[in-house]
Structure formats: structure tokens, C-alpha cells
Amino acid sequence: MERECTVGDIVIAEVRTGEYIAEVVEVADRKALIKMLAVRKHPMQGDLHNKYEVDVTLFHQRRALAQWEKVYVPVRSLELYVGEVPAYKESLKQAVEAEIAALENAIQTGGMNEKLIKWAERSLEQYRDLEKDYFPAG
């Protein structure tokens, strides 16, 4: 049975490797157009086709989708969100900080092999650059 969603629903949506709280603005066939309201998990850094690889042609810096940005997603991938929607900027800050903390912790505890440590260090560089861009001082 196909999951139902209607215009105005607040949902949790995974887009690429990020997770967002969004509002359904249109439903057509089996796809929904959603508008980003908050970030739950920031997208991973690096090449999505070669996960955890550093020696790739381009180690992508992946930004979170912007506030109010709209994308189509399959209706079946959406989950209803219950609760208060956090402010976009604060949710973005928390999501970036969570990724940085998780990577720093993984590196410090030594639970990664050398390849993963290189990926984590490169990812940390990307997140710190994004942090400066998202939240400029001053």
C-alpha cells in the first residue's frame, strides 16, 4: 500500500545523504515536492560514488539544502514529522557540529583504519570550511 501525504504535511526526508524536515507543497503521482524547513543530518562529504575514498578526482564539498529550497522526492520515502520545527539556521549549526564531533571522536578513539582516518580528516576540513561559510564571524 502506497504511503499517503498531502499538501501542508510536515515530513522527514532523506535527500542524497542529508536528512531534513520539510513541508509538502505538491503531490503528483508518486512524487512530492517538498520545501526545506530544517536540517536533521548534514550531507556526507566526499565522492558519493566512492564512499570513504580520499584519492578521488574530486573530493566534493557537499552543502546542506538551503532553507526553502524545493526538491522532488518519492512519497514512499517520506515520514511524517511530529513536533516543533526548529529554526533552519540553528538546525544547520547543530547538524554541522554533530558531524564534526562524530568525526573527531572516531579519529580520537582509534576505531578507524588508516584509509577511514584520511577520509575523516578530509571531511573535517570540508565541514570546517562550510562552517565558516554558513556562519561567518561578525
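Values quoted throughout were computed directly from the atomic coordinates according to the rules given, and no laboratory measurement underlies them. Just so we're clear, the structure is a prediction, and the values are computed from it rather than from any experiment. As a convention, Cβ positions derive from the backbone with ideal geometry for all residues, glycine included, and neighbour counts pool all protein chains shown.
Give the aspartates and glutamates whose C-alpha is closer than 12 Å to that of LYS115, dropping any in the same chain fewer than 8 places away, or say none.
By straight Cα distance, LYS115 reaches GLU53, ASP55.
Which FRET efficiency, nearest 0.05, do ALA101 and LEU58 yield, Cβ-Cβ r, R0 30 Å?
After rounding to 0.05, the efficiency reads 0.70.
So how do GLU53, GLU84 line up by other beta-carbon neighbours within 10 Å, fewest first?
GLU84, GLU53
Can you give me the Kirkwood hydrodynamic radius for the chain, using every pair of distinct Cα atoms, in Å to one decimal?
16.2 Å
Given the DSSP H assignment, sum -39500 (n - 2.57) over each helix run of at least 4 residues in the chain and divide by its residue total; what's the result at 222 nm in deg cm²/dmol, nearest 500?
-11000 deg cm²/dmol
Note the angle between two axes, namely the Cα long axis of helix 88-109 and the longest principal axis of the Cα atoms of the chain, as a number of degrees from 0 to 90, rounded to the nearest 10.
Approximately 40 degrees, to the nearest ten.
Any idea how far apart GLU26 and LYS132 come out in nm if each label point goes 7 Å out from Cα toward Cβ?
3.9 nm
Straight-line reach from LYS31: which lysines have Cα under 19 Å away, leaving out those fewer than 8 places along the same chain?
Leaving aside lysines fewer than 8 places away in the same chain, those within reach of LYS31 are LYS70.
Would you mind computing, in nm to one decimal, how far apart the modelled labels at GLU79 and LEU48 are, each placed 7 Å from Cα along Cα→Cβ?
The two pseudo-label positions are separated by 1.9 nm.
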